[in-house]
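This report concerns only the one structure given below.
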Amino acid sequence: MVATPIGNAADITLRALDTLRRADAIACEDTRVTAKLMGIHGIHTPFVSYHEHNAAKMRPVLIGRMKAGESIALVTDAGTPLVSDPGYKLVRECVAEGVAVTTLPGASAPLAALVLSGLPTDRFLFAGFLPNKSSARRAAAGELKNVPATLVFFESPQRLPESLADLADILGAREAAVARELTKLFEEVRRGTLPELAAHYAEAGPPKGEVVLVIGPPGEEPTPTEADVDALLREALTRLSVRDAAADVAARTGQNKRAVYARALELSREGKP
């Protein structure tokens, strides 16, 4: 597995360049993207297309070639292979088949954003992309609310304003950073609390370029009491169905979904004549 640049074509190691030149083939997501990088560095190794849609078909082909003595270099369009992509299945099958596997470390967008964020780096969780829909995104944020670590997400620039609003509502005024166009000419890291960032992008609109969102760990917030949960449920039930009210409160408090739903049912029945 060979890490490739996430923006600046010069961010590739000497070892990676040597390996890519010597390989019998380069397995890549998009041959057009990889061809541009190889052209910059004068590498003419043949390509093999390997991506999510043909992976099941191509894995035995690649493993067969490696068992026959060939060397295959796996790259993604940008960054470190297997980070937020399904390439781990190839590694797993190589291990099962006794094929030697190694990695050539290099650029990684989550790590680049983390070290630029100014947020704690001693413990962090990379959680990939947030869900597209607000309800699912809020539920995911609720599940991660009490994780004692800095959170790192990929996010599309188009969804960033609404995602920040949801995260601010669920996670509160945590410190955060929006990193975009990392290693490129217009690299930018905007720092602030989640509400501040949500307000900024609500007014400014979606930014351009690739985005990584970094959110600081939770503070010493007290665990919600039963009375707290009941108060939130009673308020939510005035505007939402029982199911939606339970999902909203579970996301906001990090409490067990089934338990909150059961309590929401009890409260809704109590309020009926």
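Given +1 on the Cβ of Lys and Arg, -1 on the Cβ of Asp and Glu, and no further charges, what dipole in debye does the chain carry about its Cα centre, rounded to the nearest 20?
Here the size comes out at about 680 debye.
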Among Gly209, Gly98, Gly64, residue whose mean-square fluctuation peaks in a GNM of the chain (springs only between Cα atoms under 10 Å)
Gly98
Mind listing the phi-derived Karplus ³J(HN,Hα) values for the stretch 192-203, rounded to whole Hz, using 6.51, -1.76 and 1.60 with θ = phi - 60°, and x for any glycine or proline?
x, 7, 4, x, 5, 5, 4, 5, 4, 6, 5, 7
Run the count for the chain, please: Lys pairs, Cα-Cα under 24 angstrom, 8 or more apart or on different chains.
11
Rounded to the nearest 10, the angle in degrees between the Cα long axis of helix 242-253 and the longest principal axis of the Cα atoms of the chain comes to 70 degrees
Using a 1.4 Å probe on the protein chains only, how many percent of the accessible area of the chain belongs to carbon and sulfur?
53 percent
Springs between alpha-carbon atoms under 10 Å, Gaussian network over the chain: tell me which of Gly79, Gly216, Gly172 tops the mean-square fluctuations.
Gly172
Hey, what's the chain come to in accessible area per residue, 1.4 Å probe, Å²?
54 Å²
Roughly how tilted is helix 160-171, in degrees to the nearest 10 and between 0 and 90, from the longest Cα axis of the chain?
50 degrees
Dividing the alpha-carbon radius of gyration of the chain by 2.2 N^0.38 Å (N being the number of residues), what value is obtained?
1.23
For the chain, give the share of DSSP beta bridges that are antiparallel, in percent and rounded to the nearest 5; count only bridges with both residues there.
60 percent
What full-extension length gain, to one decimal in nm, is calculated for Asn256 and Ala100 as 0.36 nm per residue of separation minus the Cα-Cα distance?
51.8 nm
If the elastic network links every pair of Cα atoms under 10 Å, which of Thr13, Thr225, Thr80 fluctuates the most in the Gaussian network model of the chain?
Thr225
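The values are calculated or read from the model by the stated rules, or taken from the named source; none is laboratory data. Fair warning: this is a prediction, and the values are worked out from it, not measured in the lab. We place every Cβ from the backbone using ideal geometry, glycine too, and count neighbours over all the protein chains shown. When the accessible area is computed, the model is the full protein with side chains, heavy atoms only, and any ligands, DNA or RNA have been set aside. Shrake-Rupley method; radii C 1.70, N 1.55, O 1.52, S 1.80 Å.
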